Every structure is written in structure tokens, then in C-alpha cells.
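Okay, structure first, notes after.
Please treat every number below as a calculation from the coordinates, not as lab data. Keep in mind that what you see is a predicted model, and the values were worked out from it rather than measured. Here Cβ is always computed from backbone atoms with ideal geometry, including for glycine, and neighbour counts include all displayed protein chains.
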């Protein structure tokens, strides 16, 4: 559906997407919920130039441009300030919180320094994930399907 929306008719299969999940502050999450960025890579627009070592889009997502929590904080903080100005505070502190900071920036890796993983490494990783999913499924069954 997204490919059909973002990429021209006959070229639907030629487009690409990046998907970034932020599920905690260590992943750059600035809003207290899991959120996913689905980024269409449109040739001539948002596609990564294969000749460049870094991807500006990821840098921007991890910087102020991608600071969703900060933008929400700015909006609500502004509303709170207006409300506080209308009320007589009587010297009370309203418990202001700190504005979320952008984060989650990864060190830049030159494409020429990237090392492809072997099929055996990827199969071993998949086996670990499969085992974890089986354990989670077993726990869910033990819990009567409530997990």
C-alpha cells in the first residue's frame, strides 16, 4: 500500500523503505511510547546516495529535526505557560518537567568498512529469536493466553 502511494505506477517494485523503531530512550525515543518511522526512499528525493558514507536522514532523525517529544513538549509547555499567566500562581512551583532531548544517534560507519554477516551467523541469530518466541508463546499458554 505504501509503495503504491509513494512510488510511480510501474516503478512500485523499484522503491525502497527504511523502517526505524524507537522503543525506549536508548533508541532515541523522545515520546513515552513505541513509535515507528517508515521512510520512503524516493529516487531523486529521499533516496540515499550510494556514494556517500553517511545517511543524513538518520542523523536528522536523531537530532532536533526528529525530536517528536521535544515538539510536543514545546506545544504543551507553551499552553501551560499561558494558563499559568492567566492564573495567580501565588509563588507555587507547578512542577515543570524538562524538555525531551533528541538522541539515539549511531556512530557513522563507512560503507566500505561494513562486513557482511555469513548465512551461518544469520541462521544462528534467527534460531535464538525463534527460541525466544517459543518461550514467550509457552508463557502465554501457561498464563491462559492473557500475556
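Applying 1/(1 + (r/R0)^6) with r as the Cβ-Cβ distance of residue 43 and residue 131 and R0 = 35 angstrom yields a FRET efficiency of 0.30.
Multiplying the residue separation of residue 71 and residue 122 by 0.36 nm and subtracting their alpha-carbon distance yields 14.5 nm. Between residue 2 and residue 142, the FRET efficiency from the beta-carbon distance, with R0 = 30 Å, is close to 0.20.
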